[in-house]
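For reference, the structure is listed below as structure tokens.
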Amino acid sequence: MNVAKRTFDAVIVGAGGAGLRAALQLSEAGLKTAVLTKVFPTRSHTVAAQGGVAASLGNSTEDNWHWHMYDTVKGSDWLGDQDAIEFMCKKANEVVVELEHYGMPFDRTDNGKIYQRPFGGHSMNYGQAPVMRSCAAADRTGHAMLHALYQRNVRANTQFFVEWMALDLIRDADGDVLGVTAMEMETGEVSIFHAKATIFATGGAGRIYYSSTNAFINTGDGVGMAARAGIPLEDMEFWQFHPTGVAGAGVLITEGVRGEGGILRNSSGERFMERYAPNLKDLASRDVVSRAMTTEINEGRGCGPDKDHVLLDITHLSPDTIMKRLPGIREIAIQFAGVDPIKAPIPVVPTCHYQMGGIPTNYKGQVVVPKDGNPNSPVAGFYAAGECACASVHGANRLGTNSLLDLLVFGKSAGETVVEDFKSGQLKLKPLPADAADVSLARLARLDGQTNGESVFDVGLEMRRTMQKHAGVFRFDNLLKEGVQKMGEIAERAKRTEIKDKSKVWNVARMEALELDNLIEVARATIVSAEARKESRGAHVRDDAPDTPENPNGRDDANWLKHTLWYSEGNRLDYKPVNLKPLSDDVEPIALAKRTY
Amino acid sequence: MTKRTVQFKIYRYDPDKDEKPYMQDISVELEASDKKLLDALVRLRAKDDSMSFRRSCREGVCGSDAMNINGKNGLACLTDIDSLQQPITLRPLPGLPVIRDLIVDMTQFFKQYHSIKPYLVNNEPAPERERLQSPEDREELNGLYECILCACCSTSCPSFWWNPDKFVGPAGLLAAYRFLADTRDQDTNARLDNLEDPYRLFRCHTIMNCVDVCPKGLNPTRAIGKIKDMMVRRAI
């Protein structure tokens, strides 16, 4: 097959929030940049974010970045790196105000400032009371943000390759990254994008689970490509189950509903969160609320004929507030739950939502791997930001509104680092290895030639069911062990998938088969990392690691205060230390403590 | 609800093997949990992996799965299967070139969107904090900024069918008014100049198909009327 070569200063893979924010930095600095995206930019999954983006603007209640940093470290169950967290919380006001200047239609306070609402796990004065930190555009914040970022890129003349799917990362013998191979959906043709810098902003892989708030496109493409190319994946056992997915449909209902006063109730109408989180109640951290809901359901206090969900109640809010602040939620509830939340509560269940782990990076957006005794040695030419990356600011559990902040801060930071490295002459266009496209071409040839294989749909379904059963909200040693075994078998089956459609033109079957390869890497990383971590921390809670005086909430800092690194080759695990030291002297390290809300 | 079978008539065309497009009769058995047209299409793909359409968020915010459903444009993910008469006839969005099956080439649609300069213009030095905007001024953007660029409106508009290269179309004009209505934007005159043309704005004959099909309940016709008002007020 003839493979065209295209050369750029930088190639960005993904055009969601992180990719667009990085692209802006590069375009405005005049770098010749290609942004590859498998969907038109405004169709990226950032569009579905609802409740807001965190920044301690203090427009409605007193606030500062120290409190935000404390909440984020505590939310992460101390697995987040404190240098990256300090960097993010300090930069929050700047990147949010920038967006406002780009035209983002934030809601407004009476005095014309950006409207802010309370959100789970965000507090004033180190956990004392809820704070209004979430900057919102109704309940369509992600949509408003993604469109504003795309629009600003139109202004900056960013060059997009729309409906191009990246296939594999190109590394040379030194391990340096030289670009990617990619396939144009319309023609099926493969090209090499050869660049001095490659930024991954490919989003998460929530589609490894059966029940997910995530879009079909969230297949962990960048994470899978990195893993296949020998980059370890960090902390993949930590997945966020959002408390309020619509029961059955999985569609997201923002935490902003509880920020505006919504209450979770069990079958007897009890506001059960008062028992689990006496202080922040329904606005406790997401992992805490999801476990409380699951416990209520498991103990027979679920609602509905099958007692399989709880209710999110906003009937006590004024219809005016609902129409003004939560109009999109009302549409979703009517469409997907068949209830008008002005009149009746919404049935909800914890639903897979966000990947805390990912490609290991530092706060500058550089991808870092262990090398020559340094656990965080940058990979030349390789950067990542957003959900596909692990900086790590979310640690074992992300706070709501910190994901939109993460993609802004680290998208910008990765872009700035590339621009600096470019201007200093540090970035070089290294020669392409002769076999640069061979891996991708072999994958495509395998698919075209496969006979008597299984369907992508069947193998994918088996993976999703397995992950749902074996690595859910609560985790059990025997289920995890079985899950490792099963995922190993499913990964073998995925090597023999067969597609019937062999067309060159917009072949969805081929795309889904290639996506499954990426999902499988993520699922293997998740189950193997989860089985190995013999403690409870954040979103990873095991039955055999209960709350004890020595190990509060089952967290075992003596043995497990460390980041997991999973390598695809050999299915091997390694670990690296958590950075407990902030970036500057402006703040003391946040000392380890038991998490309560 | 138990399992049920649904009948479809679907436009099929793969330029790699088909000489010309054809309508395929096909049925699919649904599970009780399948409620939306997109659920049924995903089941169809499990049966025939060559069935091609775009999809992503499955909740009506990304704008990927617009198609012509029983003669009317809409999003597959927001359309209840049980609201549709069978056989359910699916065609690609009208008026744009077909790439394959239900996938259309949206180049012309986005070209028109880009032509209205869809970004905020404010040449004053950026202040340290946010630019202030009253809640009332912000409310002017409601019904405008929520557009998901699905193209249901523009591809249901006869004026856009006739002049896709000259008439901006309802989606682009809705976006144009979104910036005209923003108190932070300073480019009003240039924006109006850019639309003052027999085709770009004035090909809208208030047929209102756009309003009828918008899956987000937006009203491009009203926005177009407001732009025309601004033109008139500027002239006198």
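Annotations
- Of all residues in region B:96-114, those satisfying the criterion of being within 18 Å of the chain's Cα centre (by Cα) and either at the interface with chain A (Cβ under 7 Å from one of its Cβ atoms) or in a strand (DSSP E or B) (or both) are B:98, B:99, B:103, B:104, B:114.
- Complete set of residues in region A:454-492 that are surrounded by 18 or more Cβ atoms within 10 Å (Cβ to Cβ) and either touching a Pro at 6+ places or on another chain (Cβ under 7 Å) or not in a helix (DSSP H, G or I) (or both): A:455, A:471, A:472, A:473, A:475
- Residue within region B:46-63 that is more than 14 Å from chain A (Cβ to nearest Cβ) and either of a type in the set (Lys, Arg) or surrounded by fewer than 16 Cβ atoms within 10 Å (Cβ to Cβ) (or both) present: no
- Taking region B:7-90 as the region of interest, the strands (runs of 3 or more DSSP E) fully inside it that hold 2 or more residues being aliphatic (A, V, I, L, M) are B:22-30, B:66-69.
- Only one of the numbered conditions (1) over 26 Å from residue B:90 (Cα atoms); (2) surrounded by fewer than 16 Cβ atoms within 10 Å (Cβ to Cβ); (3) within 17 Å of the chain's Cα centre (by Cα) is violated by residue B:139, and that is (3).
- Test for residue A:513: is it crowded, with 17+ Cβ neighbours inside 10 Å, within 14 Å of chain B (Cβ to nearest Cβ) and in contact (Cβ under 8 Å) with a residue 40 or more places away in the chain: yes
- If the condition is being in contact with a Pro (Cβ under 8 Å, 6 or more places away or on another chain) and surrounded by 21 or more Cβ atoms within 10 Å (Cβ to Cβ), then region A:261-290 contributes A:264, A:280, A:283, A:286, A:289, A:290.
- On inspection, residue B:64 fails the criterion of being of a type in the set (S, T, N, Q), within 30 Å of residue A:327 (Cβ to Cβ) and at pLDDT below 95.
- Scanning region B:24-40 for residues that are free of Cβ contacts under 8 Å to residues at least 40 places away in the same chain, among the aliphatic types (A, V, I, L, M), under 24 Å from residue A:498 (Cα atoms) and facing chain A (nearest Cβ under 7 Å) turns up nothing.
- Top-ranked residue of region A:58-84 - restricted to ones that are surrounded by fewer than 22 Cβ atoms within 10 Å (Cβ to Cβ) and of a type outside the set (Phe, Trp, Tyr), ranked as farthest from the other protein chains (Cβ to nearest Cβ): A:83
- Options A:79, A:36, A:26; residue that is among the aliphatic types (A, V, I, L, M) and in a helix (DSSP H, G or I): A:26
- Exclusive hit being in contact with a Ser or Thr (Cβ under 7 Å, 6 or more places away or on another chain) and either crowded, with 23+ Cβ neighbours inside 10 Å or modelled with pLDDT of 95 or more (or both), set A:534, A:504, A:495: A:504
- Selection over region B:69-87 of residues that are crowded, with 18+ Cβ neighbours inside 10 Å and in contact (Cβ under 8 Å) with a residue 60 or more places away in the chain gives a count of 5.
- Residue satisfying all of: in region A:207-224; in a loop (DSSP other than H, G, I, E, B) and hydroxyl-bearing (Ser, Thr, Tyr); farthest from the other protein chains (Cβ to nearest Cβ) among these: A:209
- The residue pairs whose first member lies in region A:295-313 and is in contact (Cβ under 8 Å) with a residue 12 or more places away in the chain and within 22 Å of residue A:338 (Cβ to Cβ), whose second member is of a type in the set (D, E, K, R) and exposed (fewer than 15 other Cβ atoms within 10 Å of the Cβ), and whose beta carbons are closer than 9 Å, counting only pairs six or more residues apart or on different chains, are A:297/A:308; A:302/A:308; A:313/A:271.
- When residues of region A:264-302 are limited to those that are among the basic types (Lys, Arg) and closer than 29 Å to residue A:126 by Cβ, the one farthest from the other protein chains (Cβ to nearest Cβ): A:275
- Take the conditions (1) under 14 Å from residue A:34 (Cα atoms); (2) of a type in the set (D, E, K, R); (3) away from every other protein chain (no Cβ under 11 Å); residue A:189 misses just one of them, which is (1).
Residues are listed down the side, and each one gets a yes or a no for (1) crowded, with 22+ Cβ neighbours inside 10 Å; (2) within 8 Å of another protein chain (Cβ to nearest Cβ); (3) at pLDDT below 95:
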{"position": "B:116", "(1), (2), (3)": "yes, no, no"}
{"position": "B:121", "(1), (2), (3)": "no, no, no"}
{"position": "B:143", "(1), (2), (3)": "no, no, no"}
{"position": "B:151", "(1), (2), (3)": "yes, no, no"}
{"position": "B:161", "(1), (2), (3)": "no, no, no"}
{"position": "B:171", "(1), (2), (3)": "yes, no, no"}
{"position": "B:184", "(1), (2), (3)": "no, yes, no"}
{"position": "B:192", "(1), (2), (3)": "no, no, no"}
{"position": "B:200", "(1), (2), (3)": "no, no, no"}
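- Scanning region A:520-553 for residues that are assigned to a loop (DSSP other than H, G, I, E, B) and either closer than 25 Å to residue A:390 by Cα or in contact with a helix residue (DSSP H, G or I) (Cβ under 6 Å, 6 or more places away or on another chain) (or both) yields A:533, A:534, A:535, A:536, A:538, A:539, A:541, A:544, A:545, A:546, A:547.
- For region A:39-57, the set of residues classified as assigned to a loop (DSSP other than H, G, I, E, B), of a type in the set (S, T, N, Q) and within 11 Å of chain B (Cβ to nearest Cβ) consists of A:44, A:50, listed by residue number.
- Residue list for region A:226-263, restricted to those being of a type in the set (Gly, Ala, Ser) and within 14 Å of chain B (Cβ to nearest Cβ): A:245, A:247, A:248, A:249, A:250
The values are calculated or read from the model by the stated rules, or taken from the named source; none is laboratory data. This is a predicted model, so every value here is computed, not measured. Here Cβ is always computed from backbone atoms with ideal geometry, including for glycine, and neighbour counts include all displayed protein chains.
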